[in-house]
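The values are calculated or read from the model by the stated rules, or taken from the named source; none is laboratory data. In this text the structure is predicted, and so the values were computed from the model without any measurement. Reconstructed Cβ throughout: ideal geometry from the backbone, glycine too, with neighbour counts over all protein chains shown.
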Amino acid sequence: MKIVLGPASKELGEKIAELTGIEKMPVASKTFPDGETYIRLEGNVQDDHVVIVQTTSPPQDTKLMQLAFMADAAKRNGGSKVTAVVPYLAYARQDKIFLQGETISIETIAHMLSVAGVDALITVNVHSANALAKFPFPAKSLTAIPLLAEHFAKRGFTKAFALAPDKGAMHIVEEAKKVLGGECGHLEKQRDRYTGQVKVAKKAFDIKGETAIVFDDIISTGSTMVSAAKILKELGARKVFAACAHPLLIGDAEKRILNAGVEEIVGTDSVFSSVSKVSLAPLISKELKALKSG
Ligand code: R5P
């Protein structure tokens, strides 16, 4: 087995290689003056199970092309199997047709990766399990929520109230609750499919004077977290934190969330950001070790 350090996740790949003791392989990458992507594996992969670590946060399309090119290069150079470790899986939110005339984006991505040579995929907190069903090869999602919750527990925030911004994220706060040992609940969120605007309805929770943590899979523009934090503050929460697996933090998301009264945002290094305080390396390493020995 060899770990290919995808340009989008070089640091994470290096940590995984260190924790697993699996040989790492650097990648040369560049962008041509016209915007095209160039990739070259800098090592021998003959007869190896090649694990490519490459996230697909913005710019998603470039990173997906890099991933496809790395998979193709691995197979062309004799790799026996390619497993893509994609901590943040782009396009997983478009896993079905919401409005007539749309595409199922994740299905197209899945087929593209398959044609490029990917044989299996490991991701983290995929937005919907349905997205994984679109892959023509085994695709699995690990969860970083216990690691995020442990981060808060270690800092003394056990018994904190874990809030999901919508019912769909309830499984996330149930996982957090197992570590934190407090209560959990969810709000009701609606997104306008045309404008993308989010509306979060207020709900009554008994959290006066308590610490509350809003958990979500992704923070993109921050609108969801801002709405949830405002509600928690109105309900009298003493401290509000925001936690997510994938801190995309588009534009001034971080500033907006903090301005809404959030003490701190905690994310993972699935996406490199100023709030990536929890590393996915132990989680992914454990999975790769099991793969290697199994
Ligand atoms: C969507 O339902 C996801 O779970 C997140 O809630 C969403 O992507 C967050 O987006 P934003 O930060 O733009 O509100």
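Here are a few things to note about the model shown:
- From the list 31, 56, the lone residue that is surrounded by fewer than 18 Cβ atoms within 10 Å (Cβ to Cβ), modelled with pLDDT of 95 or more and of a type in the set (S, T, N, Q) is 31.
- Within the stretch 143-174, tally of residues that are within 16 Å of the ligand (Cβ to nearest atom) and over 16 Å from residue 204 (Cα atoms): 11
- Residue that is nearest to the ligand (Cβ to nearest atom) [pool: residues in the stretch 239-264 that are part of a helix (DSSP H, G or I) and surrounded by fewer than 19 Cβ atoms within 10 Å (Cβ to Cβ)]: 256
- Within the stretch 175-202, tally of residues that are free of Cβ contacts under 8 Å to residues at least 24 places away in the same chain, within 15 Å of the ligand (Cβ to nearest atom) and farther than 30 Å from residue 100 by Cα: 0
- Filtering the stretch 109-136 to residues that are more than 19 Å from the chain's Cα centre (by Cα) and surrounded by fewer than 18 Cβ atoms within 10 Å (Cβ to Cβ) leaves 111, 112, 114, 115, 136.
- Filtering the stretch 203-238 to residues that are more than 13 Å from the ligand (Cβ to nearest atom), in a strand (DSSP E or B) and touching a residue at least 60 places away in the same chain (Cβ under 8 Å) leaves only 213.
- Annotation note: Cβ proximity below 8 Å between a residue of the stretch 68-94 that is closer than 12 Å to residue 52 by Cα and a residue that is within 16 Å of the ligand (Cβ to nearest atom) and among the small types (Gly, Ala, Ser) (sequence gap 6+ or interchain) occurs for 87/270.
- Of the residues making up the stretch 153-169, just one is at pLDDT 95 or above, surrounded by 14 or more Cβ atoms within 10 Å (Cβ to Cβ) and in a helix (DSSP H, G or I), namely 153.
- Filtered residues of the stretch 179-202 (kept if assigned to a loop (DSSP other than H, G, I, E, B) and at pLDDT below 95): 192, 193, 194, 195, 196, 197, 202
- Checked against (1) under 17 Å from residue 244 (Cα atoms); (2) crowded, with 20+ Cβ neighbours inside 10 Å, residue 150 passes all but a single condition, namely (2).
- The set of residues in the stretch 68-89 that are in a loop (DSSP other than H, G, I, E, B) and either basic (Lys, Arg) or surrounded by fewer than 22 Cβ atoms within 10 Å (Cβ to Cβ) (or both) comprises 77, 78, 80.
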